[in-house]
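Working notes for the structure below.
The values are calculated or read from the model by the stated rules, or taken from the named source; none is laboratory data. Here the structure is a predicted model, which means the values were calculated and not measured. Cβ: placed from backbone, ideal geometry, glycine included. Neighbour counts: every protein chain shown. With ligands, DNA and RNA removed, areas are computed over all heavy atoms of the protein, side chains included. Shrake-Rupley method; radii C 1.70, N 1.55, O 1.52, S 1.80 Å.
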Amino acid sequence: MMKPGDLTKQNGEWLSATGPKHEIVISSRVRLARNLASFPFVSKASQPQRSELHRLCRDRLLALPGNLNLFYVDLDHTEDVDRQILVERHLISKQHTSGEGSRGVAISADEALSVMVNEEDHLRMQVLRSGMRLRECWKTADMLDNMLQEHLDYAFSERFGYLTACPTNVGTGLRVSVMMHLPALKLTGEIEKVFRAAKDTHLAIRGLFGEGTEAIGDFYQISNQTTLGRTEEEILNEFSDSIIPRILTAELTARSILEQERPLALDDRIGRAIGVLRNARLLSTEETLYFLSHLRLGVVMGRVTGLDIDTINKLFLQTQPAHLQRVLGRTLDGEARKAARADFMRQQLQARPP
Amino acid sequence: MKKCDRCNKPATVHLTEIDNGIPTELHLCDQCAGETGYIQQAHIPLNEVLNQLLQAQSRSAKADGLRCEECGMTWQEFKDTGLLGCMKDYDIFAAQLQGVIESAQQGATRHTGKCKESPTDPNAAVKLRQAELNRLRKDLARAVQRESYEEAAKLRDQIKVLESSPGTD
Ligand SMILES: [Zn+2]
Ligand SMILES: [Zn+2]
């Protein structure tokens, strides 16, 4: 059976740079929250109830058809660094790593599918794919949900739909998130406008890397804020047909403006990024994200040759703290980690000279 | 705990600003982060939205003494954690939750999506059709407003077909 550490050797479906519009739309994600009717929600479940819930859900997940290729990680018996790897790969939430007691996650070998057990809700299913593929993600999640529903008695009410621990998830239990790389909107200062528009359409936008609300590296995650009163179809359509295409067009416009009106400033940014990443001896996570973002922009816009998006995507992941430690095979702190990150980066970028 | 760089309150937002490659650490409280534009209103995590709603709710929603027999949840505990304890809480605290759900869900009060029963369940089919009709009617209203009469005619046909199919209310 696979272990979390084994994952560091691969890129994960969502970072594979294969999906439509993957140059800007890094990934599409669909998440469904479900609870079992015969147990209290997780926060009010006793330890024996949690263990029983865990066993029940795990057995159900592992009994799913073999072609889903699921392996299971019992998080209560997993090392910190391996749990952290799962967070960095977006397979579990931070909350799930720091949680306590009986809990776990089922993951498909290609990492497109993952199901957290005993997080805030009994079940949190996620389908995560490269590029703009929300509908495809939904189809998979819907199918998985139907398969589980045949054997598990979900908490459901006529009026409020699928009942969740937090009322902000009630109804469809559906959260769709699209992760976008928007460096040009940031450079041209237009990003605020995009956010203001988003506010009116009830979206949640948050920076992807780093804690809380910052957006280091120009990665933004755009999600629906409401889960009740609209069908799954309506939520998906709004994202696929309206919200995401609008932001995508704005980013493309900003890129062509940079290209036509400020080519020097653009190449300066990209050149500085290459300069730092190829030569630095100490690199923090934040700096790495910041400069990799500009390098990625350069690669996507064809202003840097000899590097492909796949490599850059891999670097975003492998320079994260837990990945770095697993890839290098040793525990690293503070300065030593920054030095190791810089060494790794130089080696990766010099192996492919422009 | 780090203090806010601007006003000395406890900092809740920790940022690393990078200006031309030189990282500077910034620590701000929620309020200052909002004022300095580091946080847009639209970025507030969902549980915080809920939190604000819960704090704004006056004590007048008489829930004192109300307690779920199944899981022991009280309204005060829900206000503190933002999490309900079991599915029965949706009934027990129905009166108090109504306003919270309505504001957290932009006015929505009723589920219209996928149903627990298998998709072939007649009930589910009716709901799906109803949702589809609602969507078409909204599109129609918008088409008329835009004076796109050709599109409106098409939508009217689709609505007619759906309405005449059996099982619609
Ligand atoms: Zn302050
Ligand atoms: Zn209860």
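Laid out as a table, the results:
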{"read-out": "Subset of segment A:275-302 [buried (at least 18 other Cβ atoms within 10 Å of the Cβ) and of a type in the set (A, V, I, L, M)]", "value": "A:VAL276, A:LEU277, A:ALA280, A:LEU283, A:LEU289, A:LEU292, A:LEU295, A:LEU297, A:VAL299, A:VAL300, A:MET301"}
{"read-out": "Segment A:81-94 residues that are more than 16 Å from A:VAL115 (Cβ to Cβ), paired with ones that are in a loop (DSSP other than H, G, I, E, B) (beta carbon under 6 Å, 6 or more apart)", "value": "A:GLU88/A:GLN320"}
{"read-out": "Scan of segment A:272-297 for residues that are under 19 Å from the mean Cα position of the chain (by Cα) and either of a type in the set (Gly, Ala, Ser) or not in a helix (DSSP H, G or I) (or both), ordered by number", "value": "A:SER293"}
{"read-out": "Residues (more than 14 Å from every other protein chain (Cβ to nearest Cβ) and either touching a residue at least 24 places away in the same chain (Cβ under 8 Å) or not in a helix (DSSP H, G or I) (or both)) located in segment A:247-261", "value": "A:LEU248, A:ALA250, A:GLU251, A:LEU252, A:ALA254, A:ARG255, A:ILE257, A:LEU258, A:GLU259"}
{"read-out": "Residues that are open to solvent by 10 Å² or more (accessible area, probe 1.4 Å) and polar (S, T, N, Q), drawn from segment A:308-317", "value": "A:THR311"}
{"read-out": "Selection count where residues are part of a helix (DSSP H, G or I) and more than 8 Å from chain A (Cβ to nearest Cβ), scope segment B:92-107", "value": "8"}
{"read-out": "Leading residue by the ranking (farthest from B:LEU83 (Cα to Cα)) among those in segment A:18-39 that are open to solvent by less than 20 Å² (accessible area, probe 1.4 Å) and either of a type in the set (Gly, Ala, Ser) or out of contact with any Leu (no Cβ under 8 Å at 6 or more places or on another chain) (or both)", "value": "A:GLY19"}
{"read-out": "Segment A:33-44 residues that are within 13 Å of ligand 2 (Cβ to nearest atom), paired with ones that are in a strand (DSSP E or B) (beta carbon under 8 Å, 6 or more apart)", "value": "A:ASN35/A:LEU123; A:ASN35/A:TYR154; A:ASN35/A:TYR162; A:ALA37/A:TYR154; A:ALA37/A:PHE156"}
{"read-out": "B:PRO119 facing chain A (nearest Cβ under 9 Å), modelled with pLDDT under 80, assigned to a loop (DSSP other than H, G, I, E, B) and open to solvent by 60 Å² or more (accessible area, probe 1.4 Å)", "value": "yes"}
{"read-out": "Count of residues meeting criterion [small (Gly, Ala, Ser) and farther than 25 Å from A:LYS44 by Cβ] in segment A:81-113", "value": "3"}
{"read-out": "So A:THR305, is it open to solvent by 30 Å² or more (accessible area, probe 1.4 Å) and assigned to a helix (DSSP H, G or I)", "value": "no"}
